[in-house]
Structure formats: structure tokens, C-alpha cells
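The structure appears below as C-alpha cells.
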Amino acid sequence: MSTRNESYLVGLIGDGITQSLTPPMHEAEADRHGLRYLYRPVDLGVIGRPGTSVGDLLRAGRDLGFNAFNITHPCKQLVLEHLDEIDPRAEAIQAVNTVLIREGKFIGYNTDCSGFTTGFGHGLPGVTVGSVVQFGSGGAGSAVAEALLSLGAQRLCLVDVDVARAAERASELAARYPDAVVEAVTAERATEHIAAADGVVNATPVGMHHHPGTPFDVGLLRPEHWVADVIYLPLETPLVRAARALGCSVLDGGHMAVGQAVDAFALITGVAPDSARMRRHFLELTGQGDDAVTVPASAPEGERNHEKQEGVL
Ligand SMILES: NC(=O)c1ccc[n+]([C@@H]2O[C@H](COP(=O)([O-])OP(=O)(O)OC[C@H]3O[C@@H](n4cnc5c(N)ncnc54)[C@H](O)[C@@H]3O)[C@@H](O)[C@H]2O)c1
Ligand SMILES: O=C(O)[C@]1(O)C[C@@H](O)[C@@H](O)[C@H](O)C1
């Protein structure tokens, strides 16, 4: 037996998340720290519950002794009304992906934003954030837009098939970042903005295994563009592949996936995870275990088998 102060019971609430790599990332890192830590997917599709049941699931989890939950599509906004406290950044984004249960209270955070920010710094070092066209302004898109503006983007164009959603996000962000130009643009007008942009971001599900394709015509890309995708299943989306072939600097969705997991693990346990080790494990899970990075000679034997770099997300 163990109480909730002696071990960790964590879940991921969302639809279609049974194959998520976040649970194995947390569990393996916890093992390396000698923590007793179980992380279970709570797949709404499998248990036949709607996104609106997230509050009931949180309360059931609290009563059953869970320490925390990650929250994903379609619940990142739906969960807001069930929180007792919310981190200021998550409040600004109006999306939560991590809920800590402390003394019976639900405290919400957004590690998608911090995870994208860290991954951007490591994966696209030295690029000019400058002017960005971002496709998708939902849960991930809100976090990424916030990250880009806090990284210094001066112009951000949001493109979403849900035009009202993009307009709403753009006006919220413009109010909070008055020195930047933030606007919603139609897919047609995005063409001219991509031509003038430093970077292009995909924060839509287009490119996932079950949603193949690209959110815009990749013929618009030039080698000078940097390109970021948030999708990590697959890691090599059609957009990432096309951008790499063209010679663009590219950030795949794995950087954000590891970054959000690193930050959530730290919040849940209070223990600083080894982000490079989590990145290596993630790449093994995705079958990309030979990512070209280096591990210091002092690393444990098992880790020296991989030619990888410390501190790379
Ligand atoms: N790497 C990570 O850590 C990470 C984190 C969160 C989400 N994701 C991924 O991000 C993607 C989006 O997730 P989400 O939670 O934001 O979903 P969401 O449904 O909240 O938002 C997606 C948005 O994209 C828009 N959209 C769809 N097709 C479009 C198109 N062709 N052009 C423009 N807009 C379009 C939708 O209208 C919606 O507003 C998913 O693939 C998810 O797996 C990755
Ligand atoms: O890896 C996933 O499946 C996630 O759902 C991705 C993203 O939505 C994160 O915010 C979640 O914490 C985990």
C-alpha cells in the first residue's frame, strides 16, 4: 500500500489518447528517480464519455487518490470551470493541460506553452521569430501563439477554418501584446503573409496519421522560412518532410511533446527531470532512436549507446 504522499497516480484525460507517448515518458523518468509513479490514459472514446464529463472525472480522480491529470483535446477549455486555482499564464491562454490535486483542490497550468517555448529555443536556435503565420488557433494554437509572442514575434497572423475562433484569439492576444500586430487572416490572404513571413507554424490536426495532408500549399515555402509543426504522431508530417526537403529550419512536434511532459513532470513531482534523457526516450518510442546528438562520457552505460546531446529538446 502507499498513500498519495508516498507515490504518484496520474492520468491523461482526452479523446483518442490511448496511444499517447506522454504516459511512458513520465513513467520512465520517474523510474530513473526512484519514484513510484503510475500514469494511465483515460480515453473518453474508450469509456464512452463526452468532453463535458471532465469535471466529473477530475472529482472521481481526486476521490480515488490521483495526484494530477494531464488534460487534452477536447477538454483543455472545458476544464477551466472546474478549477479552484489557475496559473496566470494558463488563465491568459484560457487553456489548461495540467491539473494538480492539492489538498482536495484543482490547480491548473499550461505546459504546452512553456514546452513549446523551450523546444523552440533548442530546436530552432538563433532564428528570427519576427513575423509568423500560424495555422490553427485551438488548444495547442492558443499556447503556441502565446509562446511566439512572448518569444518576441512582432507580427502574428492566425489562420483557422473556424474564422470566428481565430478572430477571438487574435483580439485577446493583441490586447495583451500591444507592441505586436496580431490579426486573424483568411486562408486566401495567408498566401501573401507567408511570402513576407520569417516562419510558419502548423497547430492544426492536419498531418496526423488519421488526418493526412498539409494545412497550406507547401509550394509557398522558401528555404529562408523556419517551419514548426506541433504534431508528433507522426513526427515526420508531410509539412515537416516538405520543409526539410526545401532546406528550411524545421521544428517537429516532438520538441513540444517532450517540453510539455518535462514541465508537467516537474510540477507534479517537484523533482527536476532530465530533459535530455526524456527526449532520448521519446525518440526511442517514436523509432527515431538514432537522433544525432551527443551524451557526455559520464552518462550511465545504457545511455552512451545513443549518440545524443545533453539538454536538447
Ligand atoms: N506536440 C505536442 O505536445 C502537442 C500538444 C497539443 C496538441 N498537439 C497536436 O496539435 C494538434 C491540434 O490540437 P488542438 O488540441 O489544438 O486541437 P483543437 O481542435 O483545439 O484545435 C485545432 C484547430 O485547428 C483548426 N483547423 C483544422 N483544420 C484546419 C486547416 N486546414 N486550416 C486552418 N485551421 C484548421 C480547427 O478549426 C481548430 O481551431 C493535434 O494534432 C494535437 O495532437 C501537440
Ligand atoms: O501527449 C499527449 O497525448 C498530450 O495529449 C499532448 C498535449 O495535448 C499535452 O498537452 C498533453 O499533456 C499530452
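Residue-wise test of (1) of a type in the set (Ser, Thr, Tyr); (2) touching a strand residue (DSSP E or B) at 6+ places or on another chain (Cβ under 9 Å).
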| site | (1), (2) |
| --- | --- |
| Thr3 | yes, no |
| Ser7 | yes, yes |
| Asp15 | no, yes |
| Thr18 | yes, yes |
| Pro23 | no, yes |
| Tyr39 | yes, yes |
| Leu44 | no, yes |
| Thr72 | yes, yes |
| Asp84 | no, yes |
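For region 241-267, the tally of residues that are surrounded by 24 or more Cβ atoms within 10 Å (Cβ to Cβ), within 16 Å of ligand 1 (Cβ to nearest atom) and in a helix (DSSP H, G or I) stands at 11. The condition (being within 16 Å of ligand 2 (Cβ to nearest atom), among the acidic types (Asp, Glu) and in contact (Cβ under 8 Å) with a residue 40 or more places away in the chain) is satisfied by just one residue among Asp112, Asp87: Asp112. Among the residues of region 91-109, those that are under 23 Å from Leu57 (Cβ atoms) and open to solvent by 10 Å² or more (accessible area, probe 1.4 Å) comprise Glu91, Gln94, Arg102, Glu103, Gly104, Lys105, Ile107, Tyr109.
Condition check ((1) touching a strand residue (DSSP E or B) at 6+ places or on another chain (Cβ under 6 Å); (2) buried (at least 22 other Cβ atoms within 10 Å of the Cβ)) across all residues:
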site	(1), (2)
Ser171	no, no
Ala175	no, no
Pro178	no, no
Thr186	no, no
His193	yes, no
Asp198	yes, no
Gly207	no, yes
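Scanning region 82-101 for residues that are within 18 Å of Gly138 (Cβ to Cβ), more than 16 Å from ligand 1 (Cβ to nearest atom) and either touching a helix residue (DSSP H, G or I) at 6+ places or on another chain (Cβ under 8 Å) or part of a loop (DSSP other than H, G, I, E, B) (or both) gives a single hit, Ala92.
The values are calculated or read from the model by the stated rules, or taken from the named source; none is laboratory data. Everything quoted here is computed from the prediction, not taken from an experiment. Every residue, glycine among them, receives a Cβ derived from its backbone with ideal geometry; neighbour counts consider all protein chains shown. Quick note on the areas: whole protein, heavy atoms, side chains included, nothing else; ligands and nucleic acids left out. Shrake-Rupley method; radii C 1.70, N 1.55, O 1.52, S 1.80 Å.
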